[in-house]
Amino acid sequence: MPEPTPPAPPAPAAATAAPPPELPATGPDEVALLIDDKPVVVKKGTTVLQAAERLGIVVPHYCYHPGLSVAGNCRMCFVEIEKMPKLQIGCATPATQGMVVRTANTRVKSARESIMEFLLINHPLDCPICDQAGECRLQQYAAAYGRGESRFVEEKIHNDKGVPIGPRVVFDGERCIKCTRCIRFCDEVSKTHELGLFERGGHAIIGTFPGKSLDNNYSGNTVDICPVGALTWKPFRFRARVWFLRNVPSVCIGCARGCNVELGTFDHRIRRITPRNNPEVNGWWMCDLGRQTYEPLDGRPRLEQPAARGAIAAGPPGGAAAPAIPVTAGVTPGEALDRAAALLRETAARHGAASLAAIVSARLTLEDLFMARKALQQAGIGRVVVPPHESGEDDPLLLRRDRTPNARGAEIVGLGRPDAAATARLAADVKAGTVKGLVVVGEDPAGDGLLEAPSLSALEALVVIDAWRTPTAAAAHVALPATGPYEADGVAVNFQGRAQLARRGVPAPGLAEPSWRWLRELGRRFGLAGSWNTASAVFDEAAAAHPPLASLSHRKLGANGHPIVFAEAAPGGGAPAPGTEAREP
Ligand code: SF4
Ligand code: SF4
Ligand code: FES
């Protein structure tokens with residue numbers, strides 16, 4: 001009898017695919033879609049690439065930039081969309097209700113490998129000598145999405161290298177991937193239209209139109225947005241490898257806009273300044289003038305030690321090399337401050353308190369300005385002027401006519417806005433001899449042509465606090481060395497009425513201190529009480545004393561600043577610059 005067949009094991013339950021995630025409910029202007037099985041709701045008009053970014057999913061891209069129109073030419077952002085037979089470019093495909101998108105399946109990965117291979121066909125092996133190395137999207141994407149090898153054995157197409165296409169920008173035709181970001185920037189943002197794409201196919205090349213050069217005040221932005229090393233910033237070329245840079249978030253001091261920036265520092269020097277996105281102030285951009293605001297730190301003669309008349313001399317105006325000058329020997333900070341206080345006191349005793357006056361700069365930080373007001377009041381100096389520094393007109397993008405970063409800060413702490421008439425009246429009184437004692441903080445009235453040498457030498461007390469060895473400092477009875485741009489933490493209030501914290505990027509030379517420290521010490525010699533040891537402590541006191549700053553602190557200002565509420569509307573209405581409005585990520 002045959003053995004009975006054992007009963008067949010129960011058939012495994014048929015594998016059931018997990019049901020797709022439910023799409024969330026949407027509002028009238030919204031659509032819901034699935035990207036890599038994750039649901040997301042976005043506004044109508046949002047692209048697939050932007051919707052993926054919302055989920056934290058990276059869709060690699062070269063030609064897309066959130067501040068420019070969509071060109072859709074690099075094809076790096078391919079994604080697969082259900083019910084569409086071909087891969088689609090995520091940067092130009094609007095998200096629609098119920099769409100199902102895959103950003104990282106085998107088909108998409110294979111397409112990306114092919115695009116990378118194609119883009120690298122004519123690319124030179126320049127990485128070891130390329131300024132973009134370390135922050136180059138070709139390098140990053142080749143590592144993350146490339147094949148790891150090339151099948152191209154033919155001769156590459158060669159192009160001109162190191163071509164100065166503008167006074168500050170150098171072009172390398174071999175590295176260019178023709179993404180056209182630079183062209184779109186010049187057409188859409190700076191609206192200067194210098195650049196075009198010439199020739200066809202593999203021979204296509206970026207260039208300037210006949211008779212033009214990339215010479216607009218925003219040309220540096222083309223370097224920032226060039227995803228590869230085809231456009232480089234002349235002053236930064238071969239100065240530092242980017243992985244050695246310490247990037248400090250700060251604020252440009254070049255004008256009343258206060259663009260948010262990053263200070264790229266290496267070896268205690270600033271090597272470059274690049275923009276930091278703040279949709280309320282500057283968007284992704286900054287001007288070329290602002291990029292160069294650190295340069296005086298490398299060339300302009302500095303005041304590094306406290307000094308007294310006869311022992312210091314001015315450097316050549318704007319000159320690069322300081323002359324060999326005997327610096328005061330043996331004058332300590334305390335002695336210099338004692339001397340300054342004694343001179344001011346003696347002058348007031350001889351001619352009355354009305355014979356004393358001060359010139360204070362709107363280039364100083366809010367902490368400096370606040371302490372200037374306090375210390376000068378304490379010293380009995382009631383006449384304080386803030387000189388204007390204006391040039392041209394406000395431009396339609398960012399640069400302001402007011403080239404001081406903190407005119408509104410001066411107003412908030414009670415020093416008043418920069419006032420040309422009041423400054424001229426003070427200069428006339430110095431010339432006439434009715435002002436006998438002058439404190440100058442952060443200004444150079446002699447170098448600016450406001451006061452001449454005979455007027456300054458007729459003063460009985462001239463106390464200068466400044467970073468530079470200026471003609472005014474050379475004429476001072478006492479000169480105290482201050483920190484220069486980007487050498488101290490401090491707040492500036494921009495023309496929109498936005499308080500922003502500018503952070504220190506590099507140390508100051510010698511015995512230079514923030515102006516507020518010198519002013520605090522000078523004030524103490526007249527009985528000023530208070531123990532402020534940090535810029536943030538000074539700011540806290542300013543915030544307690546001045547209602548527009550109420551409840552603010554360095555910490556609260558954070559990386560992007562805070563709008564201040566004034567009784568009257570700020571000039572310019574506080575609106576962001578045209579073309580810099582916040583967009584979807
Ligand atoms: S130079 Fe740079 S930004 Fe301009 S097209 Fe070439 S790769 Fe793009
Ligand atoms: S616009 Fe003004 S604040 Fe902005 S980068 Fe230029 S100079 Fe600096
Ligand atoms: S980023 Fe979409 S095509 Fe270039």
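Read-outs: derived from the displayed coordinates by stated rules, not from any lab. Bear in mind that the values here come from a model prediction, so they are computed numbers and not experimental data. All Cβ positions, even for glycine, are placed from backbone atoms using ideal geometry, and neighbour counts span all protein chains on display.
Using every pair of distinct Cα positions in segment 369-451, the Kirkwood expression returns a hydrodynamic radius of 14.0 angstrom. Shape analysis of segment 91-245 yields a ratio of the Cα radius of gyration to the Kirkwood radius, Rg/Rh, of 1.00.
Comparing Cα centroids, segment 378-401 and segment 207-244 end up 31 angstrom apart. Across all directions, the shadow cast by the convex hull of the chain built on its C-alpha atoms averages 40.1 square nanometres.
Dividing the summed -39500 (n - 2.57) terms of all DSSP H runs of n ≥ 4 by the residue count of the chain sets its mean residue ellipticity at 222 nm at -6000 deg cm²/dmol.
The protection proxy used here, the mean number of other Cβ atoms lying within 10 Å of each residue, ranks peptides 127-135, 402-410, 363-371 as follows, highest first: 363-371, 402-410, 127-135. Can you tally the net charge around E335? Count Lys and Arg as +1, Asp and Glu as -1, for every other residue whose Cβ sits under 13 Å from the Cβ of E335. After counting each charged neighbour, the total is 0.
If the chain linking R401 and T26 were pulled fully straight, counting 0.36 nm for each residue of separation and taking away their Cα-Cα distance, it would gain 130.4 nm. Restricting attention to the chain, close to 70% of DSSP beta bridges with both partner residues there are antiparallel. Loop-located trypsin sites (Lys or Arg not before Pro) in segment 114-165 (DSSP state other than H, G, I, E, B) with a sparse environment of at most 10 neighbouring Cβ atoms within 10 Å: R151.
According to the Cα-based calculation, Rg over Rh for segment 108-158 is 0.97, with Rh computed by the Kirkwood formula.
What the Cβ-Cβ distance of A349 and R524 gives, at R0 = 22 Å and to the nearest 0.05, is a FRET efficiency of 0.65.
Under the shape rule built on the C-alpha gyration tensor, where the axes satisfy a ≥ b ≥ c, segment 307-563 is rounded, since a/c falls short of 1.5. Judged by the ratio a/c of the largest to the smallest principal axis of the C-alpha gyration tensor, segment 140-217 counts as prolate, that ratio being 1.5 or greater while a/b is larger than b/c.
With the cut-off at 1.5 for a/c, could you classify segment 1-155 from its C-alpha gyration tensor as rounded, prolate or oblate? Since a/c reaches 1.5 but b/c is at least a/b, the shape of segment 1-155 is classed as oblate. Along its three principal directions, the equivalent ellipsoid of segment 378-515 from the Cα gyration tensor extends over semi-axes of 26, 20, 14 Å, largest first. Cross-linked pairs K374/K431; K44/K556; K86/K191; K43/K161; K44/K109; K178/K234: Cα-Cα separations exceed 32 Å for K44/K556; K86/K191; K43/K161. A simple count of charges around L245, restricted to other residues whose Cβ falls under 13 Å of its Cβ and scoring Lys, Arg +1 and Asp, Glu -1, yields +2. If you average the alpha carbon positions of segment 509-555 and of segment 114-188, how far apart do those two centres end up, in angstrom? About 50 Å separates the Cα centre of segment 509-555 from the one of segment 114-188.
Each Cα pair of segment 156-299 feeds into the Kirkwood radius, which the Stokes-Einstein equation turns, at 25 °C and 0.890 mPa s, into a diffusion coefficient of 154 µm²/s.
In order along segment 503-515, the phi-based Karplus estimate (6.51 cos²θ - 1.76 cosθ + 1.60, θ = phi - 60°) of 3J(HN,Hα) comes to 9, 5, x, 9, x, 8, x, x, 9, 5, 10, x, 4 Hz; Gly and Pro are listed as x.
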